[in-house]
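Colleague: I'd like to ask some things about the structure below.
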């Protein structure tokens, strides 16, 4: 079953007086539980696809279905709720709050889920910090952690809401070779064990090699192979 369906999507941006076509007639179906890489050069449109799937942006034309719901016509509040419950995000710059400890960073998206008690939030934070091997660092702030540890906190934060989909935008770009490899292995293991769908935008050949499926994009169009 498809967890994401993109149907004839176009995305245009206005830069000054120019119209820029970021995506041109994209149709793509993504299976539930897949470890998928979207690869292409800078400016090819791969991050734009992630933003559309993540309900951060909306298409100029076309329709997008996420977890069976047509997100194309939803209000900003509905999209925010969809993001909070269905989608986790991992960024190349980690995007952690510098004033919050690791545990508080992981808990932050859970505060939007009003049905969770403080005890349930605490349990989830402990569980996911343990999964990424950072239980001992729960009280450390980001500036007390290495790049790899910060990315592990970001992974725990993305998983804490128990999303159907995790979107990873160049997650290894700011990590050294060995650390990046370890982060990828961790994400692959989570994908296998929990059947969480991972969708990457990437330049990293290791991500492409590890992916169950590779989608290539260039100049806003999907390319064969």
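Colleague: With an 8 Å cut-off on Cα pairs and a minimum separation of 6 or more residues, tell me the relative contact order of the stretch 1-117 in percent.
Modeller: 24 percent
Colleague: The stretch 38-113 to the stretch 121-136: how many Å between their Cα centroids?
Modeller: Cα centroid of the stretch 38-113 versus Cα centroid of the stretch 121-136: 22 Å apart.
Colleague: While we're looking at this one, here's another question. Extension gain residue 135-residue 214, at 0.36 nm per residue separation less the Cα-Cα distance, in nm?
Modeller: 25.1 nm
Colleague: To continue, here is another question. In the chain, what percentage of the DSSP-assigned beta bridges are antiparallel, given to the nearest 5?
Modeller: Close to 50 percent.
Colleague: Could you give the length gained by full extension between residue 15 and residue 203, i.e. 0.36 nm per residue of separation minus their alpha carbon distance, to one decimal place?
Modeller: Full-extension gain reported as 65.2 nm.
Colleague: I've got another one for you. In percent, what relative contact order does the chain have, based on Cα pairs under 8 Å that are 6 or more apart in sequence?
Modeller: It comes to 30 percent, rounded to a whole number.
Colleague: Moving to a separate point now. Connecting C-alpha atoms closer than 10 Å in a GNM of the chain, tell me which of 172, 48, 14 has the biggest fluctuation.
Modeller: Result: 14 has the largest fluctuation of those listed.
Colleague: Arrange 108, 13, 128 by Cβ neighbour counts within 10 Å, fewest through most, would you?
Modeller: Ordered by Cβ neighbours within 10 Å, fewest first: 13, 108, 128.
Colleague: At residue 127 and residue 143, where each label point lies 7 Å from the Cα along Cα→Cβ, what is the point-to-point distance in nanometres?
Modeller: Reported label-point gap for residue 127 and residue 143 is 3.4 nm.
Colleague: Could I ask something else about it? If each residue's Cβ is checked for other Cβ atoms within 10 Å, how do 49, 165 rank with the fewest at the top?
Modeller: Ascending number of Cβ neighbours within 10 Å: 165, 49.
Colleague: How large is the Kirkwood hydrodynamic radius of the stretch 27-162, counting all unique pairs of alpha carbons, in Å?
Modeller: One over the average 1/r among Cα pairs gives 16.4 Å for the stretch 27-162.
Colleague: Return 56, 26 ranked ascending by Cβ neighbour count within 10 Å, so the fewest neighbours appear first.
Modeller: Arranged by neighbour count, lowest to highest, 56, 26 become 56, 26.
Colleague: Continuing with the same structure: Which of 34, 66, 99 moves most in a GNM of the chain, Cα contacts under 10 Å?
Modeller: Of the options given, 99 has the highest mean-square fluctuation.
Colleague: Sticking with this structure for a sec: Can you give me the distance in nm between label points at residue 173 and residue 31, each placed 7 Å from the Cα along the Cα-to-Cβ direction?
Modeller: Modelled inter-label distance: 2.9 nm.
Colleague: Return the Cα extents of the stretch 1-107 along principal axes one, two and three, sorted largest first, each rounded to a whole Å.
Modeller: That gives 42, 38, 29 Å along the principal axes, largest extent first.
Colleague: How far is it, in nm, from the label point at residue 75 to the one at residue 108 when both lie 7 Å from their Cα along the line to the Cβ?
Modeller: In this crude spin-label approximation the distance works out to 2.7 nm.
Colleague: Between 158, 118, 101, where does the largest GNM mean-square fluctuation fall for the chain, given springs only between Cα atoms within less than 10 Å?
Modeller: Of 158, 118, 101, the most mobile in the Gaussian network model is 118.
None of the figures in this text is laboratory data; all of them are computed from the coordinates on show. Remember, it's a predicted structure, so these values are computed and weren't measured experimentally. We place every Cβ from the backbone using ideal geometry, glycine too, and count neighbours over all the protein chains shown.
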